[in-house]
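Structure, as structure tokens:
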Amino acid sequence: MARRLDLHAWDRLPGTAARGAGWALTQGDCLASLERLPPHSIDLCFADPPYMLSNGGTSCQSGRRVSVDKGDWDVSRGVLGDHAFQTEWLKAVRRVLKPSGTLWVSGTQHVIFSIGFALQELGYHLLNTVTWYKPNASPNLACRMFTHSTEILLWASPVKSKPLAHRFNYKAMKQENGGKQMRDLWAITEQPVPGGEQVVWPLPTPPPREKVHGRHPTQKPIALLDRVVAASAQPGDLVLDPFCGSGTTGVAAVRAGCRFLGLERDPEYVDLAARRLRAVEPADR
């Protein structure tokens, strides 16, 4: 039976670092925090796990070469070690998802195939593979391969059932897409581009105005999370982000009238997420 998690009860558990009107943040290891959640209590989970890229490489930022080392949390443990990590947290999330709930996972080619295989191993039902196109992606400095300008979002329900039990706000997505079925290729700009068979939303990386409270090296644009929440949650639902970072998932959830629970190990990013959430929380909730 699905359970409704009382955020006030969660506030009394060890690790809760910040809370507000309809949201709470806990600081600590996500696996330990997930173990304390009751089963079948989460309506929607969005996860942006470490891509395991902090291994001495470089990238391009504002026209100059920069290190991609983000911290020890992003250091690869080797193919098998990385896959074991992905499998462990995906198993923990599956336990807390409601049968009607869904999981979204964002990743690049460096981790997404491992995550997809782990989803299959654990018994998730893969619903869609969404391709997010980034028109302002960083150029490739080596000039020995195509420029990386996409990320993959895997959308899955915790179990396959007949009929399908997961929430999908199909009519809202169709309406947003000019009355036509929304496809699994998301190229998002700040303003819809009319015309053609499908209205397309190009989605660049986060602009400076989304970083006024601070910066996170893997921050996602709010428009991406707005769409994820709009597609698979309803007001009052509990949204979980086990790798909360700068709190973008929480911002989208709170703005949509959902409750939010974020898990983050770094106290600096807990503070950043709290600042962003306090800036958008409604005063009358």
Residues that are assigned to a loop (DSSP other than H, G, I, E, B) and within 15 Å of Leu44 (Cα to Cα), drawn from region 248-281: Ala256, Gly257, Cys258
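I'm checking my understanding of the structure. Among residues of region 81-99 that are of a type in the set (Lys, Arg) and not in a strand (DSSP E or B), which one is surrounded by the most Cβ atoms within 10 Å (Cβ to Cβ)?
Keep residues of region 81-99 that are of a type in the set (Lys, Arg), which gives 91, 94-95, 98.
From what's left, not in a strand (DSSP E or B): 91, 94-95.
Working: Lys91: 16, Arg94: 20, Arg95: 15.
Going through the qualifying residues, I end up with Arg94.
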Consider Gln120 carefully, then state whether it is part of a helix (DSSP H, G or I) and closer than 17 Å to Leu53 by Cα. no
Specify the residue that is farthest from the chain's Cα centre (by Cα); the eligible residues are those in region 134-158 that are in a strand (DSSP E or B) and buried (at least 18 other Cβ atoms within 10 Å of the Cβ). Ser157
Against the definition (at pLDDT below 95 and either more than 19 Å from Thr249 (Cα to Cα) or not aliphatic (A, V, I, L, M) (or both)), how does Lys180 come out, yes or no? yes
Of all residues in region 114-157 being within 18 Å of Leu224 (Cα to Cα), of a type in the set (Ser, Thr, Tyr) and out of contact with any Leu (no Cβ under 8 Å at 6 or more places or on another chain), the one that is modelled with the highest pLDDT: Thr150
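With respect to Asp237, determine if the residue is surrounded by fewer than 24 Cβ atoms within 10 Å (Cβ to Cβ), touching a strand residue (DSSP E or B) at 6+ places or on another chain (Cβ under 6 Å) and either within 18 Å of Ser100 (Cβ to Cβ) or of a type in the set (D, E, K, R) (or both).
Considered against the rule, which asks whether it is surrounded by fewer than 24 Cβ atoms within 10 Å (Cβ to Cβ), touching a strand residue (DSSP E or B) at 6+ places or on another chain (Cβ under 6 Å) and either within 18 Å of Ser100 (Cβ to Cβ) or of a type in the set (D, E, K, R) (or both), Asp237 comes out as yes.
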Take region 16-52 and flag every residue that is at pLDDT below 90 and touching a helix residue (DSSP H, G or I) at 6+ places or on another chain (Cβ under 6 Å). Ala17, Pro50, Met52
Which residues, taken from region 100-133, are surrounded by 15 or more Cβ atoms within 10 Å (Cβ to Cβ), over 19 Å from Asp184 (Cα atoms) and touching a Phe, Trp or Tyr at 6+ places or on another chain (Cβ under 8 Å)? Val111
If we keep just the residues of region 159-173 that are charged (D, E, K, R) and more than 22 Å from the chain's Cα centre (by Cα), which is farthest from Lys91 (Cα to Cα)? Lys171
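The values are calculated or read from the model by the stated rules, or taken from the named source; none is laboratory data. Bear in mind the structure is a predicted one, so any value in this text is a computation, not a measurement. Cβ atoms come from the backbone with ideal geometry, glycine included; neighbour counts cover every protein chain shown.
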